[in-house]
Amino acid sequence: MLAQSEVDQFVSVIIPVFNDTERLLICLKALEKQTYPQELYEVIVVDNGSEESIKDVVCQFEQVQVTYEARPGSYVARNKGISIAKGKIIAFTDSDCIPASDWIEKGVNKLLSTLNCGLVAGRIDFFFKNPDRLTPVELYESIEFPFDQETNVKKNKFGVTANLFTFKYVIDKVGVFDEELKSGGDRQWGERVFQAGYQQIYADDVRIKHPARHSYPQLYKRMARFVGGKHDLMMKKNPSKFAMTKDLLEVFIPPLRIFYRVWKNEKLDSFQKKKQFTIVIFFIRYAVIVEKIRLYFGGTSRRD
């Protein structure tokens, strides 16, 4: 039986997964080797309607349990995990992430040592298939860095759920994730935490690794989720026809400032890199336009 101090430090790690058994196995192996006492944490994998056998992976680990959520959406899945979590501390990561061996230990220490802490957002480091030969998409992600947690916390008041710690009582206070959203739910939830008056902390030593997207189809999926999430959030506010028209037309404005940054960026130290980066920017603009039009003409947000 756990002492009260240990109960207060018990952690539930929640991982939503949809058809990602190969990378989930790597993630769970990393969680099995944590420096945090094994009796003080559990891992909850939420199968979000996978066609692959998630149970065959989970059954290899004593500390891991699997539950099922048929409704599509990572935020729905995370809420399912929260509903069965035993921990007073909740940690979130994703199936394609690889936590450092001291991830839980340092995340918990930062959470417990910060007065009135609502969330701790940890560092997310990209890794590449071949670091010596980046694809154009990997080159783009290595510079644009979509998971800049420090900026997320300090400027935008949230942390992405690939690397996030919080208390169960904070979730009880501000509510769970918005289940109608396919993307952007972590930002919306983080803003609620900030509005409730809790501290938000970026922790550089609370680290996980995340694979960079390396292909155009993978990048398109990410942009589709991103555009869909922003669209869903906007539509929840019942915007006027003028606001919707403005939102749609703005995507056709050439991103001239971005092109200027490309040609001034010292990391793009060759014409070939500048060209590759520029092509990726055009591709992203194409993806955004296609998804915006699709959504405004009756399409629904994508889940993957």
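A short reminder: the numbers here are calculations on the coordinates, not readings from a lab. Because the structure is predicted, anything quoted here is derived from the model rather than measured. FYI the Cβ positions are ideal-geometry reconstructions off the backbone, even for glycines, and counts take in every protein chain you see.
Sequence-ordered 3J(HN,Hα) estimates for the stretch 228-238 from the Karplus curve with 6.51, -1.76 and 1.60 and θ = phi - 60° stand at x, x, 5, 5, 4, 4, 5, 5, 5, 8, 6 Hz, glycine and proline given as x. Values [x] 33, 61, 6; [y] 25, 49, 25, 1; [z] 31, 58, 11, 0 are given for comparison; P(r) over Cα pairs in 20 Å bins from 0, in percent, derived from the coordinates here, is the one labelled [z]. Annotation: lysines with alpha-carbon distance below 20 angstrom to Lys168 (same-chain offsets under eight excluded): Lys80, Lys86, Lys88, Lys106, Lys110, Lys157. Put simply, the amide H of Val206, placed in the peptide plane, has neighbours under 5 Å in Arg123, leaving out anything fewer than 5 places away on its chain.
For Lys264, the lysines whose Cα comes closer than 19 Å to its Cα, not counting residues fewer than 8 places off in the same chain, are Lys273, Lys274, Lys275. For the chain, the longest principal axis of the Cα atoms and the long axis of helix 103-113 meet at an angle of about 80 degrees.
Which of Asn48, Asn265, Gly175 sits closest to the plus end of the dipole of the chain, meaning its Cα is farthest towards the positive end, when Lys and Arg get +1 and Asp and Glu get -1 on the C-beta? It is Asn265.
Model label sites at Lys221 and Lys267, defined 7 Å from Cα along the beta-carbon direction, differ in position by 2.3 nm. Sites counted here are chymotrypsin sites (Phe, Trp or Tyr not before Pro) in a DSSP loop (not H, G, I, E or B) having no more than 11 other Cβ atoms within 10 Å; the longest part of the chain that contains none of them is 1-251.
Backbone amide hydrogens, once placed in the peptide plane, bring Tyr41 within less than 5 Å of Val11, excluding anything fewer than 5 places away on its chain.
Bridges between two residues of the chain, per DSSP, are antiparallel at a rate of about 25%. Placing a label point 7 Å from the Cα of Asn19 along the Cα-to-Cβ direction, the residues of the stretch 270-304 whose backbone N falls under 12 Å from that point are 303-304. Here each label is just a point 7 Å from Cα along the line to Cβ, and for Lys246 and Ser83 those points are 3.9 nm apart. Volume per residue for the stretch 175-245 equals 143 cubic angstrom (convex hull of Cα atoms). Applying a DSSP loop filter and a limit of 10 other Cβ atoms within 10 Å to the GluC sites (Glu not before Pro) in the stretch 219-304 leaves Glu266. Estimated at 0.36 nm per residue, the fully extended path between Glu51 and Ile293 surpasses their Cα-Cα distance by 84.1 nm.
Here the stretch 55-116 and the stretch 153-211 have alpha carbon centers that stand 14 Å from each other. Computed from Cα atoms, the angle from the helix 74-84 axis to the main principal axis of the chain rounds to 10 degrees. The relative contact order of the chain comes to 19 percent, based on Cα pairs under 8 Å that sit 6 or more residues apart.
Simple rule: put +1 on each Lys or Arg Cβ and -1 on each Asp or Glu Cβ in the chain, find the dipole, and look at Gln38, Leu112, Ser142; the Cα lying farthest toward the positive end is Ser142.
Per-residue 3J(HN,Hα) values for the stretch 255-271, derived from phi via the Karplus relation 6.51 cos²θ - 1.76 cosθ + 1.60 with θ = phi - 60°, read x, 5, 5, 5, 4, 5, 5, 4, 6, 9, 6, 5, 6, 8, 8, 8, 4 Hz in sequence order (x marks Gly and Pro). Taking R0 as 30 Å, what FRET efficiency do you get between Gln195 and Ser142 from their Cβ-Cβ distance, rounded to the nearest 0.05? For R0 = 30 Å, the calculated efficiency reads 0.35.
In whole percent, what relative contact order does the stretch 9-129 give with Cα contacts below 8 Å and a gap of six or more residues? Normalised by residue count, the contact order of the stretch 9-129 is 36 percent. Between the exposed loop cleavage positions of the chain, defined as trypsin sites (Lys or Arg not before Pro) in a non-H, G, I, E, B DSSP state with at most 15 neighbouring beta-carbon atoms within 10 angstrom, the longest gap is 134-235. Amide H to amide H, with H built 1.01 Å from N, Phe167 comes under 5 Å of Ile90, counting only residues 5 or more places away or on other chains.
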